[in-house]
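The block underneath contains the structure these notes are about, expressed in structure tokens.
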Amino acid sequence: MIAGKCMVWALAGVVWLAFAGAGLAQTATPLTLKLGKELFNENCAVCHQADAIGKPGVAPSLTNPELLAIASDKFFMANIRDGRVDTGMPPFAHLGRKNVRAIVAYLRSHAREPSRAAQVASQPDAHGDPRLGKQWYDFICSTCHGVNGDGYEAGGTGTAIGLAGFLDKVSDGFIRETIKKGRTNTRMLAFQGPAGLADLSDREIDDIIVYLRNLVKK
Ligand code: HEC
Ligand code: HEC
């Protein structure tokens, strides 16, 4: 009997993983999306604003195309469930997994591009020189993200990219893609290519990632 129950849970886990890979929006019913929107308006809109467009210095946009393209459901679930320690993002584990999943499905429903989350997560880890990374970071990034990546607390408009609450939830590929492409309709511009704020090379971007990772190891 107990073994049978375990089997059911194990199977449920497998199904959950399969759906997580496919992306919650494709599998969500209209009822789930409606629930997700209601829960978002009740719990999140006060900071992330209506339609999750974000507000500089208060909370980031959750519906801009670049974030939705590279963020996995796992990333969203973890941020919502655990929050981000030492920032203004509180944990919402008390909502329960079903409700958190509904919110993620609602956020995902804003996506207009196919997800690249799996490809981005499987990119190789960054290798580079943290001392050079620190120079770039202090020169370009610290005005918005704070001298040690403390985020809004330091008075800027960028999130706390030097803290474990962010770094423990993302792959190097996620950080790399964000630096390269930026985020539309926010103050996070692209840092690679002719239209970028600066045209950083792949190596320089990896130096910055290694520098950020070292902030948490210390
Ligand atoms: C002009 C201000 C500004 C500068 C300069 C800037 N950023 Fe950002 N960055 C932002 C904002 C704002 C966001 C969050 C977007 C939002 O509010 O929706 C962000 C988001 C990010 C994110 C994603 C963080 C998350 O919480 O998901 C990363 C990674 C990042 N920036 C890295 C960098 C790096 C590295 C540099 C320097 C090369 C840099 N940024 C320079 C404003 C800036
Ligand atoms: C009291 C304000 C506040 C509330 C309420 C809030 N958030 Fe946040 N949220 C933040 C802040 C601030 C950050 C950025 C933290 C940082 O600097 O790392 C954030 C970050 C996030 C991120 C990471 C986004 C990124 O760009 O990496 C997600 C996802 C998120 N919040 C989802 C939610 C959801 C869903 C809810 C409602 C269940 C919610 N938040 C409620 C303030 C809030």
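Quote the relative contact order of region 151-193 in percent (integer), defining contacts as alpha-carbon pairs under 8 Å separated by 6+ residues.
Values: 33 pairs, mean separation 10.8, N = 43.
Averaging sequence separation for qualifying contacts and normalising by length gives 25 percent for region 151-193.
Got the relative contact order for the chain handy, in percent, Cα pairs under 8 Å and 6 or more residues apart?
Numbers: 334 pairs, mean separation 44.9, N = 218.
Relative CO of the chain lands at 21 percent.
What number, rounded to the nearest 500 deg cm²/dmol, is the helix-based mean residue ellipticity at 222 nm of the chain, given -39500 (n - 2.57) per DSSP H run of at least four residues and division by all its residues? Display every interim value, and only then the final one.
Working: 13 runs with 117 residues, N = 218.
One gets -15000 deg cm²/dmol as the mean residue ellipticity at 222 nm.
Starting from the Cα gyration tensor of region 91-218, multiply each eigenvalue by 5, take the square root, and state the resulting semi-axes largest first in whole Å. Present the calculation step by step, with values, prior to reporting the outcome.
Values: eigenvalues 132, 65, 47 Å².
Square roots of five times the eigenvalues give 26, 18, 15 Å.
For the chain, take the longest principal axis of its alpha carbons; what is the angle in degrees between that and the long axis of helix 2-22, to the nearest 10 within 0 to 90?
50
At q = 0.18 Å⁻¹, what is the base-10 log of I(q)/I(0) for the chain according to the Debye formula with one equal point scatterer per Cα and no solvent? Please give it to two decimals.
Debye output, listed in q order: -1.38.
Using the alpha-carbon atoms, what tilt in degrees (0 to 90, nearest 10) does helix 30-43 show relative to the longest principal axis of the chain?
50
Measure nothing fancy, just the Cα-based angle from helix 172-181's long axis to the longest principal axis of the chain, in degrees from 0 to 90, nearest 10.
Relative to the chain, helix 172-181 is tipped by roughly 60 degrees.
Number of Lys-Lys pairs in the chain under 25 Å by Cα, sequence gap 8 or more or different chains?
Total qualifying Lys-Lys pairs in the chain comes to 28.
Could you tell me the center-to-center distance, by alpha carbons, between region 164-212 and region 113-150 in angstrom?
5
Every number here is computed from the coordinates shown, using simple stated rules; none is lab data. Given the structure is predicted, the values throughout are model-derived calculations rather than measurements.
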